[in-house]
Amino acid sequence: MFRVFRHYVPRAFVALAVGEFLLLVASVYLGVALRFLGQEPPYGVEPLLPKALAFAAVMLLSMTAMGLYQRNLREGLGGVLIRLGLSAALALVAMAVLFYVLPGLFLGRGAFGLAFAVAVLGLALVRAVFMQVADLEALQRRVLVLGAGPRAAEIGRRLRRKADRRGCHIVGYVHVAGEQDAVDPRQVIRHDVPLLELARRMQIDEIVVAVEDRRKRFPLHEILDCRMSGIEVLDLLTFLERQLRRVELDLMQPSWLIFSDGFRYGLWRAVSKRLFDVVVSALLLLLLWPVMAAAALAIYLETGRPVLYRQVRVGENWRPFQLLKFRSMVQDAEADGKPRWAAANDHRVTAVGRFLRRARIDELPQLLNVLRGDMSFVGPRPERPAFVERLAREIPYYAERSRVKPGITGWAQVCYPYGSSEEDAARKLQYDLYYVKNYSLFLDLLILLQTAEVVLWGRGAR
């Protein structure tokens, strides 16, 4: 796996992205060559390169937004081709805007049309081949699990889906003396040679330590030999975090939060994140004010005032702030004074409000929250004080999600469907803690891109 800042990406997907980027660049040159077949093209190599790079970048970002680089993508070829078609449509819209702002990047209708057709056909072919070879063992990291007891068995239980195992191949589970085996006996390895020799024989890339009681059964010197010989050694929780891209709370000890890598917040990250929030929120407010004005008018015509809904939420470091939304429910939706989560088919939601929620237009006033610093574009979704107080009592580590600024969208929103129960809150916390632990500008960009897919499919809208 490749580590991009603190976010892991399987080698196969890195190779796929690089290959598709080169294909997209080449498709522009091929499109121009086909357009001017038998003629002298009006472009030289140098003027065409920026246009080809811009074309490839927009297409690649659109494909990322439609989830085509998610390693846990479960659709077959048909689903992938549908996503590819949606990516192409999104890219066309994005390129139309780009060509309007920077007309010098426009190829011309004929050359662009041919380049676009070549690109889409080429991408479809590449994806068809990739789906056949992505899970080949030769492209996976070979993983040896030290331990075969109940703790080690959690790997098989939590990585049941092939998509969750992508990027690694579990070679086997090494039996540890004094531990009761709890995995498939066919996968248990009993050895009489040093662990390093066993790992070399089996061409192991990394060892996952999943021993029940480290104090009594931890083979320190053997693990150290492997580590000093260049074999990566991971604890169980870190391995599962990498594969599932969430923190498995029920397996976690407080010491892991203290000693594991992550939770780094430097001045550069804080300044760059705030600068991005201010600039982008201001630009979006300038661009989207007609949409916001139309939404406000529709709400006013249907149910009158107030158009905006203000609600106290818990912000960074547990500071309360007033979150702004377009009102999507009837007036006095909580007339009894009891806070409650929105539910599926909530009778309090108005007809206009239902549309605003589905299109996520009701969230647009939160751009003002971002501009004034209450929120960021990306972060854990802010909850109401009553919910936070209750959930912090019931769910371990729930309060830790408020260590960072809340966001309009977040890792939990792109990875987990909308939930309105304590169990859902606990599940989403696993993703929120992953974000808090591994925050980077790269992860923010990835979340923002994948939010487009969430909005398009209406996932989580209530």
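Bear in mind that the values in this text are calculations on the coordinates, not laboratory data. Bear in mind that the values here come from a model prediction, so they are computed numbers and not experimental data. Because the Cβ atoms are built from the backbone with ideal geometry, glycine has one as well, and the counts that use them run over all protein chains shown.
Defining a contact as two alpha carbons under 8 Å apart and six or more residues distant in sequence, what relative contact order in percent does the chain show?
The normalised contact order for the chain reaches 14 percent.
With θ taken as phi - 60° and the coefficients 6.51, -1.76 and 1.60, list the Karplus ³J(HN,Hα) couplings across the stretch 314-322 in order, rounded to whole Hz; mark glycine and proline as x.
Values per residue, Gly and Pro as x: 8, x, 4, 6, 6, 7, x, 8, 9 Hz.
Whole-Hz Karplus ³J(HN,Hα) for the stretch 47-55, in order, using 6.51 cos²θ - 1.76 cosθ + 1.60 and θ = phi - 60°, x for Gly and Pro?
Once θ is set to phi - 60°, the couplings for the stretch 47-55 become x, 7, 4, x, 5, 5, 5, 5, 4 Hz.
How about the stretch 197-303: which chymotrypsin sites (Phe, Trp or Tyr not before Pro) there lie in a loop by DSSP and see at most 14 other Cβ atoms within 10 Å?
Within the stretch 197-303, the qualifying chymotrypsin sites (Phe, Trp or Tyr not before Pro) (loop, at most 14 other Cβ atoms within 10 Å) are Y265.
Which of the three applies to the chain, rounded, prolate or oblate, going by the alpha-carbon gyration tensor with a ≥ b ≥ c and a/c under 1.5 meaning rounded?
oblate
From the backbone phi of the stretch 198-212, what are the Karplus-calculated ³J(HN,Hα) couplings (6.51 cos²θ - 1.76 cosθ + 1.60, θ = phi - 60°) in whole Hz, Gly and Pro given as x?
4, 5, 5, 4, 8, 6, 7, 8, 8, 10, 9, 8, 9, 7, 4
Per 0.36 nm of contour for each residue apart, how much would the distance between S421 and H169 grow if the chain were fully extended, relative to their Cα-Cα spacing?
Taking S421 through H169 to full extension adds about 87.2 nm, to one decimal.
Take a quick pass over the chain and tell me how many lysine pairs come in under 25 angstrom between Cα atoms, counting only ones 8 or more apart or on separate chains.
Lysine pair count for the chain: 12.
What distance in nm separates the two pseudo spin-label positions at L308 and K162, each 7 Å out from Cα along the beta-carbon direction?
Output for this residue pair reads 5.1 nm.
Among rounded, prolate and oblate, which fits the stretch 221-340 when a ≥ b ≥ c are the square roots of the eigenvalues of its C-alpha gyration tensor, a/c under 1.5 means rounded, and a/b larger than b/c means prolate?
Prolate shape, in that a/c is at least 1.5 and a/b is the bigger ratio.
For a quick check: with amide H placed at 1.01 Å from N, whose amide H comes under 5 Å from V208's, ignoring anything fewer than 5 positions away on the same chain?
Here L144, V145, L146, L234 satisfy the definition.
Cβ under 11 Å from F239's Cβ, F239 left aside: what net charge do those residues give with Lys, Arg +1 and Asp, Glu -1? Could you put the intermediate results ahead of the total?
On the way: positive: R141, R158, R242; negative: E154, E206, E232, D235, E241, E248.
Net of charged neighbours comes to -3.
Between L285 and R186, with labels modelled 7 Å along Cα→Cβ, what's the label distance in nm to one decimal, could you check?
Distance between the two pseudo-spin positions: 6.2 nm.
Order by neighbour count: T451, T409, T238, fewest other Cβ atoms within 10 Å first, most last.
Lowest count first: T238, T451, T409.
Pulled fully out, how much extra length does the chain show between D225 and V126, if you take 0.36 nm times their separation in residues and subtract their Cα-Cα distance?
Gain on extension, D225 to V126, equals 31.5 nm.
Rounded, prolate or oblate: which one fits the stretch 267-457, using the alpha carbon gyration tensor with axes a ≥ b ≥ c (rounded when a/c is under 1.5, else prolate when a/b beats b/c, else oblate)?
Because a/c hits 1.5 or more and a/b fails to exceed b/c, the stretch 267-457 counts as oblate.
Kindly work out what percent of the DSSP beta bridges joining two residues of the chain are antiparallel, to the nearest 5. Working shown, then result.
Values: 11 of 29 bridges.
Given both bridge residues lie in the chain, the antiparallel proportion sits at roughly 40 percent.
Magnitude of the Cβ-charge dipole of the chain, K/R +1 and D/E -1, about the Cα centre, nearest 20 debye?
Once rounded to the nearest 20, the dipole reads 640 debye.
Can you tell which of A115, A94, Q132 lies farthest toward the positive end of the dipole of the chain, using +1 and -1 charges on the Cβ of basic and acidic side chains (Lys, Arg; Asp, Glu)?
Farthest along the dipole direction, towards plus: A94.
So for the pair E40, S272, with labels modelled 7 Å out along Cα→Cβ, what separation do we get in nm?
4.6
Would you tally the net charge around L324, using a Cβ to Cβ cut-off of less than 11 Å, leaving L324 out, and scoring K and R as +1, D and E as -1?
+2
Amide H neighbours of S376 under 5 Å, counting only residues 5+ apart in sequence or on other chains, H built in-plane at 1.01 Å?
Placed amide hydrogens put G407, I408 under 5 Å from S376.
How do R274, R186 rank when sorted from fewest to most other Cβ atoms within 10 Å of their own Cβ?
R186, R274
May I ask you to sort V32, V80 by Cβ crowding, counting other Cβ atoms within 10 Å and putting the fewest first?
Lowest count first: V80, V32.
For A293 and V93, calculate 0.36 nm times their separation in residues minus their Cα-Cα distance, and state this gained length in nm to one decimal.
That works out to 69.7 nm of additional length.
Summing +1 for each Lys or Arg and -1 for each Asp or Glu, what net charge is found among the other residues whose Cβ lies under 13 Å from the Cβ of I447?
0
In deg cm²/dmol and to the nearest 500, what is the mean residue ellipticity at 222 nm of the chain if only DSSP H runs of at least 4 residues count, each as -39500 (n - 2.57), divided by the residue total?
Per the formula, -17000 deg cm²/dmol.
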